[in-house]
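Undergrad: Dropping the structure in here first, questions after.
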Amino acid sequence: MTLETLQPALDWIGAHPGWMGAVVFLVAMSESLLVIGMIVPGAALMVAFGAVVESGLMDFWTTCAWAVLGAVAGDGLSFVIGRVFKDSLPNWWPFKKHPQWIAAGESFFRKHGGKSVVFGRFVGPVRAVIPAVAGMMGMPPGRFLVYNVLSALAWAPIYLLPGIAFAASLELAGQVAPRLALVLGLVALLIIGTLWLARQTYRWVVPH
């Protein structure tokens, strides 16, 4: 797999640069949103956006800004839902069918307090419920906002940078592939020649 195989998608992105900020925002928000975050592969998509940034079709800081805004919006909306519907939320689908999800979030929040908002941003099983649980358990909105923004500022580059590194490695591999193939071929010939010479030497030495 090389960047050439992704060229049709990259061409589309290059032709629609204005849309990409909105797409990054929606993905980051969905990844942080109550319930939806359990379904949307936001982390994988953020890594993919990092690869697009490396291609030069998206700016790193602009992409980071959209991702941070989306992550803050997703967690913030989940917090408001938990705060407003704290009594009825456990009876909503799918929590009524899976009450252990809310229970796990409450246990995590009691253990880590406000820091659970930061930790929850990176912990898969509770990521999509912690903000709502924080709202349900009466966390002050101002305090939640601080943790929300700080965690989003860390989350965005942490998931973009691996995609940038991966795309750079693909490009580097494409540049060195001919020389690498030549070196591997010479090594293979050397191994085969050594084995042949050892076999012939053995056949001559044993009778003598």
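The values are calculated or read from the model by the stated rules, or taken from the named source; none is laboratory data. Fair warning: this is a prediction, and the values are worked out from it, not measured in the lab. Cβ coordinates were reconstructed from backbone atoms using ideal geometry, including for glycine residues, and neighbour counts include every protein chain displayed. For the accessible areas, the whole protein counts, side chains as well, though only heavy atoms, and no ligand, DNA or RNA atoms are used. Shrake-Rupley method; radii C 1.70, N 1.55, O 1.52, S 1.80 Å.
Undergrad: Taking the criterion of being assigned to a helix (DSSP H, G or I), within 13 Å of A28 (Cα to Cα), out of contact with any strand residue (DSSP E or B) (no Cβ under 8 Å at 6 or more places or on another chain) and of a type in the set (S, T, Y), would at least one residue in segment 113-120 satisfy it?
TA: If we filter segment 113-120 for residues that are assigned to a helix (DSSP H, G or I), which is where we start, we get 115-120.
Those still in the list that are within 13 Å of A28 (Cα to Cα) too: none.
Taking every residue of segment 113-120 in turn, none turns out to be assigned to a helix (DSSP H, G or I), within 13 Å of A28 (Cα to Cα), out of contact with any strand residue (DSSP E or B) (no Cβ under 8 Å at 6 or more places or on another chain) and of a type in the set (S, T, Y).
Undergrad: Can you report the number of residues in segment 78-98 which are touching a helix residue (DSSP H, G or I) at 6+ places or on another chain (Cβ under 8 Å) and open to solvent by less than 80 Å² (accessible area, probe 1.4 Å)?
TA: So the count comes out to 9.
Undergrad: Need pairs with beta-carbon distance below 6 Å; first residue among the acidic types (D, E) and within segment 50-67, second in a helix (DSSP H, G or I) and surrounded by fewer than 23 Cβ atoms within 10 Å (Cβ to Cβ); sequence gap 6+ or separate chains.
TA: Taking only residues 6 or more apart or on different chains, the pairs are E54/I164; E54/A167; E54/A168.
Undergrad: Moving on to the next point. Under 6 Å between Cβ atoms, which residue pairs at least 6 apart in sequence (or on different chains) link something in segment 127-138 that is touching a residue at least 60 places away in the same chain (Cβ under 8 Å) with a partner that is part of a helix (DSSP H, G or I) and of a type outside the set (A, V, I, L, M, F, W, C)?
TA: The qualifying pairs are R127/G37; R127/G120; A128/G37; V129/G105; P131/D75; P131/S78; A132/S78; A132/G82.
Undergrad: List the helices (runs of 4 or more DSSP H) inside segment 1-107, counting only whole elements, that have at least 3 residues being modelled with pLDDT of 80 or more and of a type outside the set (K, R).
TA: On the way: elements: 7-15, 17-32, 42-55, 60-84.
Filter on segment 1-107 gives 17-32, 42-55, 60-84.
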